[in-house]
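Scroll down for the structure; my scribbles are underneath it.
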Amino acid sequence: MIVKKYQSYIYSLFVKRFLIINFIFFCIIVIINFFDEIRFAEKYGAETYFIFYLSLLNAPSLIFEVLPFAFLISVKLFYLNLIEKNELEILNSNGISNFQLISHLTIISGIIGVLLLLFFYSFSSALKGKYLDTKNSFSN
């Protein structure tokens with residue numbers, strides 16, 4: 001299957017939106033988790049770098065839980081971008097129906113989802129295990 005120019009544009013636009021949303025979620029999760037770890041540090045007298053380290057270790061597993069919302073928001077921003085630049089009308093006038101557009105989004109979402117399940121899940125669970133081991137050894 002040869003990927004046409006409009007398909008590669010749709011895929012790249014969606015992936016960019018998805019990565020931006022995930023980066024925003026990652027920043028929010030690290031900040032919220034940092035404040036949660038501050039309570040832990042007050043109890044056991046941990047250093048600031050240790051709190052930040054624990055927040056970063058825990059963030060990927062929390063990102064994995066938020067991924068369905070990231071997909072939904074990415075699709076919404078994708079469509080808003082197409083409508084804002086009148087590209088949806090251009091695609092429709094060139095014979096690309098809304099159903100074809102949705103099918104392309106379904107394909108790229110499925111590919112991203114499978115890759116995330118295969119690779120990111122094992123990575124985040126390994127970091128979560130390290131997070132729990134580090135926190136448990138510190139609190140003992």
Take the residues of the range 95-133 that are hydroxyl-bearing (Ser, Thr, Tyr) and within 25 Å of the chain's Cα centre (by Cα): which is nearest to Ala59 (Cα to Cα)?
Ser124
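A quick yes/no check of all residues on (1) touching a helix residue (DSSP H, G or I) at 6+ places or on another chain (Cβ under 9 Å); (2) within 18 Å of Val15 (Cα to Cα):
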residue	(1), (2)
Phe71	yes, yes
Leu82	yes, yes
Leu91	yes, no
Ser103	no, yes
Phe120	yes, yes
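Could you identify the single residue in Phe18, Phe35, Phe69, Phe25 that is in a helix (DSSP H, G or I) and either in contact (Cβ under 8 Å) with a residue 60 or more places away in the chain or within 20 Å of Ser137 (Cα to Cα) (or both)? Talk me through it step by step, then tell me what you get.
On the way: Phe35 fails: either in contact (Cβ under 8 Å) with a residue 60 or more places away in the chain or within 20 Å of Ser137 (Cα to Cα) (or both); Phe69 fails: either in contact (Cβ under 8 Å) with a residue 60 or more places away in the chain or within 20 Å of Ser137 (Cα to Cα) (or both); Phe25 fails: either in contact (Cβ under 8 Å) with a residue 60 or more places away in the chain or within 20 Å of Ser137 (Cα to Cα) (or both).
The conditions single out Phe18.
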Selected residue [in a helix (DSSP H, G or I), in contact with an Asp or Glu (Cβ under 9 Å, 6 or more places away or on another chain) and not aromatic (Phe, Trp, Tyr)] from Asn81, Asn92
Asn81
The range 95-127 - residue that is of a type in the set (S, T, N, Q) and closer than 21 Å to Leu19 by Cβ and, of those, least open to solvent (accessible area, probe 1.4 Å):
Ser124
Every pair of residues 6+ apart whose Cβ atoms lie under 9 Å, when the first sits in the range 114-125 and is modelled with pLDDT of 90 or more while the second is aliphatic (A, V, I, L, M) and in a helix (DSSP H, G or I)
Leu116/Leu67; Phe120/Ile63; Phe120/Leu67; Ser124/Ala59; Ser124/Leu62; Ser124/Ile63
Take the residues in the range 50-94 that are open to solvent by 80 Å² or more (accessible area, probe 1.4 Å) and charged (D, E, K, R), then tell me which one is farthest from the chain's Cα centre (by Cα).
Glu89
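The values are calculated or read from the model by the stated rules, or taken from the named source; none is laboratory data. Bear in mind the structure is a predicted one, so any value in this text is a computation, not a measurement. As a convention, Cβ positions derive from the backbone with ideal geometry for all residues, glycine included, and neighbour counts pool all protein chains shown. Only protein heavy atoms, including side chains, enter the accessible area calculation; ligands, DNA and RNA are left aside. Shrake-Rupley method; radii C 1.70, N 1.55, O 1.52, S 1.80 Å.
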